[in-house]
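Have a look at the structure below before the remarks.
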């Protein structure tokens, strides 16, 4: 038996935010809006507050998400939620505010420290949540996951539980137009990683397979266009839907080796999550490919890089090459180009490999992954 889980309500397409008011109004009487300092200066934030005002919903605003979320940021958000006597949450912004909204909700009702939930399934009942992504990538609006950095241990904690799935997801490509090209690339390549990993995961299932293939097609079609022209609304909408689809995929089929290895790089060297995924994507999938030539071949044929007449091995290898090509089109830097010190990287590499395995994600890879494999892959990045 397989389970397929999604948000309770998804509002998507043109004017999705404008049409979401009556549904958000059903969540409670006073919202804590979790966001960052830039989003509150944008027109989309005023659109949201105007909608809340028109629906008679009170709100407080927490702008303390100043980067990828840490336990310290989450604790401050919980304080504001309680002080302002809020009864539901709205996350608006990229993956960081959305992930933070979930973590704040978990602590509001579950108590304790966010690190207490590491390695456990969160089951406590959370306040109602609405997620409004302004980037097309993380899929956090649809997932049962949140990633928070433990600032004492310098590790990114993957926390999970179906209670973390937002009640409402509002998805509109128009909301992502303010994203600069670097963020457009990083977040979309995160979504691509989600779709490819979910499709080739040990936990893959027929329903997620169809979503994965659709998401991969859209990203290869629309990312180069959106990267070149941020005002291409057709491309923006395509990427927004792809990110949502890919988020639903990892909800049900999970991620694999790329995410496992990416989180330690992000935690220790402060590389944006989508960028660290992209740095790893081609090499990690080249490692995994011989465990599932048929699945990678499907993706190669789906995007047109492989011919119908190609055998599975050839088609799969063409897809792996296409992963590298799209990362180069989007000017993803190497570790060295990013400014990471090689000696420092090698110094902490053993810890990174240990943390990667401990996350559980590599174990979902279609072939066995050992610590030695992870160390070899980290070395290959130089």
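Go through region 328-340 and count every residue that is within 30 Å of residue 306 (Cβ to Cβ) and assigned to a helix (DSSP H, G or I).
Qualifying residue count, region 328-340: 4.
Of the residues 325, 343, 294, 310, which is free of Cβ contacts under 8 Å to residues at least 24 places away in the same chain, in the same structural domain as residue 196 (by TED's automatic domain parsing) and in a loop (DSSP other than H, G, I, E, B)?
310
Among the residues of region 364-382, which ones are free of Cβ contacts under 8 Å to residues at least 40 places away in the same chain and part of a helix (DSSP H, G or I)?
Answer for region 364-382, where residues must be free of Cβ contacts under 8 Å to residues at least 40 places away in the same chain and part of a helix (DSSP H, G or I): 371, 372, 375, 376, 379.
State all residues of region 237-277 that are surrounded by fewer than 24 Cβ atoms within 10 Å (Cβ to Cβ) and under 15 Å from residue 13 (Cα atoms); if no residue qualifies, say none.
Result: 237, 238, 241.
Out of the residues in region 346-363 meeting the condition of being within 21 Å of the chain's Cα centre (by Cα) and part of a loop (DSSP other than H, G, I, E, B), tell me which one is nearest to residue 293 (Cα to Cα).
Here the residue is 360.
Being on the phi > 0 side of the Ramachandran plot and either buried (at least 16 other Cβ atoms within 10 Å of the Cβ) or assigned to a helix (DSSP H, G or I) (or both), is that true of even one residue in region 92-114?
yes
Name the single residue, out of those in region 257-288 being more than 13 Å from the chain's Cα centre (by Cα) and part of a loop (DSSP other than H, G, I, E, B), that is modelled with the lowest pLDDT.
Restricting to residues being more than 13 Å from the chain's Cα centre (by Cα) and part of a loop (DSSP other than H, G, I, E, B), the top hit is 270.
Filter region 1-45 down to the residues that are in a helix (DSSP H, G or I) and in contact (Cβ under 8 Å) with a residue 60 or more places away in the chain and list them by number.
Correct list: 20, 23, 24, 39, 44.
Within region 272-280, identify whether any single residue is outside the structural domain of residue 135 (by TED's automatic domain parsing) and farther than 15 Å from residue 327 by Cα, and answer yes or no.
no
Go through region 221-253 and give me each residue that's farther than 12 Å from residue 177 by Cα and either in contact with a strand residue (DSSP E or B) (Cβ under 6 Å, 6 or more places away or on another chain) or assigned by TED's automatic domain parsing to the domain that holds residue 131 (or both).
Residues satisfying the conditions are 244, 253.
From the list 37, 83, 46, which one is at pLDDT below 95 and surrounded by fewer than 19 Cβ atoms within 10 Å (Cβ to Cβ)?
37
Give the residue, chosen from 317, 337, that is surrounded by fewer than 16 Cβ atoms within 10 Å (Cβ to Cβ) and either in the same structural domain as residue 278 (by TED's automatic domain parsing) or closer than 26 Å to residue 158 by Cβ (or both).
After ruling out the rest, the residue left standing is 337.
The values are calculated or read from the model by the stated rules, or taken from the named source; none is laboratory data. Just so you know, these numbers come straight off a predicted model, no measurement behind them. Reconstructed Cβ throughout: ideal geometry from the backbone, glycine too, with neighbour counts over all protein chains shown.
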